[in-house]
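Asks: If you scroll down you'll find the structure; I have some questions about it.
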Amino acid sequence: MNSYIQIISFVLSFFYGIFFYIFSTINENILVKKSNFFKLFITLIFIIDIVILYIFLLYKINNGIFHIYFIVTVILGYLFMAFNKSKLYLLCKKCVNKLKKH
């Protein structure tokens, strides 16, 4: 695997961490008032789907070569989104309001 493919894999992994944070938050908000068994079942299916999608994307980009530092990059993307969600929310809200004025 050359350095170009590794950089693409790192960028994909980072943005996949952000994607995972957003969709796990949506999953959590949908399952607020459900039973514990239903929450567990749906969350388990959600995690399996997320992992399969990530493996599929890595397979398409770098022929399925998988390194631990790609997982670390996913975790960094997740943490980036977790710590900066309020700032990003305000930025998006500001952009939407600017678009509404036009």
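The values are calculated or read from the model by the stated rules, or taken from the named source; none is laboratory data. Remember, predicted model here, so these are calculated numbers, not experimental data. Here Cβ is always computed from backbone atoms with ideal geometry, including for glycine, and neighbour counts include all displayed protein chains. Note: areas computed on protein heavy atoms with side chains; ligands, DNA, RNA excluded. Shrake-Rupley method; radii C 1.70, N 1.55, O 1.52, S 1.80 Å.
Asks: So how many residues does region 15-50 have that are part of a helix (DSSP H, G or I) and open to solvent by less than 60 Å² (accessible area, probe 1.4 Å)? Let's see the steps before the verdict.
Replies: Going residue by residue through region 15-50, those that are part of a helix (DSSP H, G or I) are 15-30, 36-50.
Adding the requirement that they be open to solvent by less than 60 Å² (accessible area, probe 1.4 Å) leaves 16-18, 20-21, 24-25, 27, 42-43, 46, 50.
Of the residues in that region, 12 qualify.
Asks: Which of the numbered conditions does PHE56 fail, given that it passes all the others? Conditions: (1) surrounded by 12 or more Cβ atoms within 10 Å (Cβ to Cβ); (2) part of a helix (DSSP H, G or I); (3) free of Cβ contacts under 8 Å to residues at least 24 places away in the same chain.
Replies: (1)
Asks: Quickly run through region 59-85 and pick out the residues that are farther than 13 Å from TYR21 by Cβ and open to solvent by less than 70 Å² (accessible area, probe 1.4 Å). Steps first, answer last, please.
Replies: At the first step, the residues of region 59-85 found to be farther than 13 Å from TYR21 by Cβ are 59-73.
The answer is ILE61, ASN62, GLY64, ILE65, HIS67, PHE70, ILE71, THR73.
Asks: Here is a further query. Out of all the residues in region 69-85, is one or more more than 16 Å from PHE14 (Cα to Cα), of a type outside the set (Ser, Thr, Tyr) and either in contact (Cβ under 8 Å) with a residue 60 or more places away in the chain or not in a helix (DSSP H, G or I) (or both)? Before you say what the answer is, go through the steps one by one.
Replies: Taking region 69-85 first, the residues more than 16 Å from PHE14 (Cα to Cα) are none.
There is no residue in region 69-85 that is more than 16 Å from PHE14 (Cα to Cα), of a type outside the set (Ser, Thr, Tyr) and either in contact (Cβ under 8 Å) with a residue 60 or more places away in the chain or not in a helix (DSSP H, G or I) (or both).
Asks: Which of the numbered conditions does ILE5 fail, given that it passes all the others? Conditions: (1) of a type outside the set (Ser, Thr, Tyr); (2) open to solvent by 90 Å² or more (accessible area, probe 1.4 Å); (3) part of a helix (DSSP H, G or I); (4) modelled with pLDDT under 90.
Replies: So the condition that ILE5 fails would be (2).
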